[in-house]
1. If you keep only loop residues by DSSP, which chymotrypsin sites (Phe, Trp or Tyr not before Pro) in the range 124-217 have at most 16 other Cβ atoms within 10 Å of their Cβ?
2. Would you please classify the overall shape of the range 277-319 from the alpha carbon gyration tensor, given that a ≥ b ≥ c denote the square roots of the eigenvalues, rounded means a/c under 1.5, and beyond that prolate means a/b larger than b/c while oblate covers the rest?
3. Using a Förster distance of 41 angstrom, determine the FRET efficiency expected from the C-beta separation of Ala166 and Val40, and round it to 0.05.
4. Under 1.5 on a/c is rounded, so check that first for the range 74-224, then, if it is not, pick prolate when a/b is larger than b/c and oblate when it is not; a ≥ b ≥ c are the square roots of the alpha carbon gyration tensor eigenvalues.
5. Just to be sure I understand the model, the point goes 7 Å from the Cα along the line to the Cβ. What's the resulting Ala129 to Gln237 distance in nm?
6. Hey, got the Cα dimensions of the range 234-291 along the principal axes, in Å, largest first?
7. Between Arg150 and Val214, what FRET efficiency follows from the Cβ-Cβ distance if R0 is 35 Å, with the result rounded to 0.05?
8. Local charge sum around Asn182 (other residues, Cβ-Cβ under 15 Å, Lys/Arg +1, Asp/Glu -1)?
Amino acid sequence: MSTPTTSVAGRLSALTRPGRARALAGFGLAAVLLFAVAPVLLSPFRLGLLGKFLCLAMVAVGIGLAWGRGGLLTLGQGVYFGLGAYLMAMHLKLADAGPGGVPDFMMLYGTGEVPGWWEPLRSPAVALALVVLVPAALAALLGWAVFTRRVRGAYFAILSQALAAAFAILLIGQQQTTGGTNGLNGFRSFFGYDLADPVNQRMLYLIAAGVLLVMVLVARQLMTSRFGEVLVAVRDQEDRVRFLGYDPAAIKTAAYVVAAVMAAVGGALFVPIVGIISPADVGVVPSIGFLVGVAIGGRATLLGPVLGSIAVSWAQTSMSEQFPSGWIYLQGALFILVVAFLPGGLASLLATWRRRRPVREDEPDAPATPDGATAPDAADLLPEGSRA
């Protein structure tokens, strides 16, 4: 039986392991930069831009889990981003119209009546619940239907991209209920708070920063858990994992659902921060843009997708200010360069340096994953009763 001293020593040892210590240090540094440094150094306009970038980085966290760890090339995350964004925008338009009121664009383009399927979104609680439940249900349905039929690789990527294209076309064709090409905009309040108030704009930024950090923690917990180990095994040896008694379809569906929910939450926060959502933000091109940031940062790492997404978003904004027509070419060139010469993204440069530096005698020989956790052995995936 372990003594209290042994138990405390074990916990301290776990907290001071290199991988966990680096993660805690990185999380603390990110919190200081986002909550203390950025609000002081950046102007309200630049802080709002950073809030927008953080919302897009939430999508990248989910893609890093699904693509980087699960091998699911998700080219249609704009669908789930758009679902969360449009559900939130619908609630904000109804809230601005008041109890029983009709949104302004419906008076111009529609019949002057609110459709029945809009009415539940008058409730803030229902709107928040639907932001999570609707994308999760769609991802679970689509993922289960696709993965049980063992659709994978390029076929899954094309299917998800086609879904994004169909979703954008659907939104454009429903001008009376979704605003069509113009989308939904002109929001005045966010759950009772005036969006024109700089204090409330800063509050929205802080909410986005906090939600992103929570998502990173959730992603790390999933990556270092038993689920993360099996997800990597499914990516590398799906048939072998099925032979060992696991259901690869259920595992991939779970990762796909988590990625969808993260994208939807990012879209829901994107709406009040940016002030508009339209089909141009949820189609094929934005979906590819999400993937580019993840690929450049390093899809198999924890922070690579976040940093890559923020860097690409910042570069896009800067290039658009100086050279409006040049960004799309630079984005394509970056993606080609990364895929051809740096498949692991910029984060792989650090991993290469670690492998090439001299190894100290007191360092363990066990291989480590990019976030510091020890790589699982194949025998660890065997069911308990079948291990030697």
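1. Listed in order of number, the matching sites are Phe191.
2. oblate
3. 0.40
4. oblate
5. For the pair Ala129/Gln237, the computed spacing is 4.5 nm.
6. 50, 20, 13
7. The calculated FRET efficiency here is 0.55.
8. Every neighbour counted, the sum reads -1.
Values in this text are rule-based calculations from the coordinates and carry no lab data. What you see is a predicted model, and the numbers here were worked out from it, not measured in a lab. Cβ sites come from the backbone with ideal geometry, for glycine too, and all protein chains shown count toward neighbours.
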